[in-house]
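Heads up, the thing below is written out as structure tokens.
Read-outs throughout are calculated quantities, based only on the coordinates presented, and are distinct from any laboratory measurement. Fair warning: this is a prediction, and the values are worked out from it, not measured in the lab. Every residue, glycine among them, receives a Cβ derived from its backbone with ideal geometry; neighbour counts consider all protein chains shown.
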Amino acid sequence: MSLSSILVLHGPNLNLLGTREPEIYGSATLSDHVNTVKAEASSHGIAVADLQSASESELVSAIHQAKGTHDAIIINAGALTHYSWSLHDALRSFPGKVIEVHLSNPGAREDFRHVSVLAPVVDGSISGFGGMGYALAVQALLRLS
Ligand code: DQA
């Protein structure tokens, strides 16, 4: 895979990062995390586009449009991770690499967070490392490309 463009997707409530449950998610904002991806990617000449939405439909459309436009997707789908079969199906149709990122470690939290319906259709998942997870995701994509 050649890696020249990455799409970063964020789901519901992640626009509140920085003030939302900082004891769980830390104090960095969503744009801090997107900037982490941009910083890692730009040193390798990789372009980054991003979208945050609480709308499953907008995220599904963005995944459809990513086909032929972006080589890889980094996605933190928030709570949609745990029940969105439409995101599962959309990601299944995306031909490039997909990395799932979570700031927290959902496996160590409430039962409903233990299942990711996206996990079967992503190349790998990075959870529990806070904002470092976004840098690790770019590193993983570089190693896979
Ligand atoms: C999250 C974990 C999800 O369970 C939660 O609904 C989120 C954030 C994370 O980054 O740790 O919104 O995806």
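Worth a mention:
- Every listed requirement among (1) under 14 Å from the mean Cα position of the chain (by Cα); (2) surrounded by fewer than 23 Cβ atoms within 10 Å (Cβ to Cβ); (3) among the aliphatic types (A, V, I, L, M); (4) within 12 Å of the ligand (Cβ to nearest atom) is met by L87 save one, (4).
- Residue in the range 92-113 that is in contact with a Gly (Cβ under 6 Å, 6 or more places away or on another chain) and surrounded by fewer than 19 Cβ atoms within 10 Å (Cβ to Cβ) present: yes
- Condition check for S125: outside any loop (DSSP other than H, G, I, E, B) and of a type in the set (S, T, N, Q): yes
- Scope the range 91-116; condition among the aliphatic types (A, V, I, L, M), within 12 Å of the ligand (Cβ to nearest atom) and free of Cβ contacts under 8 Å to residues at least 40 places away in the same chain; matching residues: V101, A108, V115
- Of the residues making up the range 13-25, those that are surrounded by fewer than 17 Cβ atoms within 10 Å (Cβ to Cβ) and part of a loop (DSSP other than H, G, I, E, B) number 5.
- Flag if F112 is aromatic (F, W, Y), closer than 20 Å to L144 by Cα and out of contact with any Leu (no Cβ under 7 Å at 6 or more places or on another chain): no
- In this structure, T36 does satisfy being among the polar types (S, T, N, Q) and either touching a Leu at 6+ places or on another chain (Cβ under 7 Å) or under 19 Å from G131 (Cα atoms) (or both).
- Looking only at the range 1-46, and only at residues there that are farther than 19 Å from D123 by Cβ and touching a helix residue (DSSP H, G or I) at 6+ places or on another chain (Cβ under 7 Å), the one that is farthest from the ligand (Cβ to nearest atom): T36
- Count - residues of the range 51-72 that are more than 15 Å from the ligand (Cβ to nearest atom) and under 15 Å from the mean Cα position of the chain (by Cα): 9
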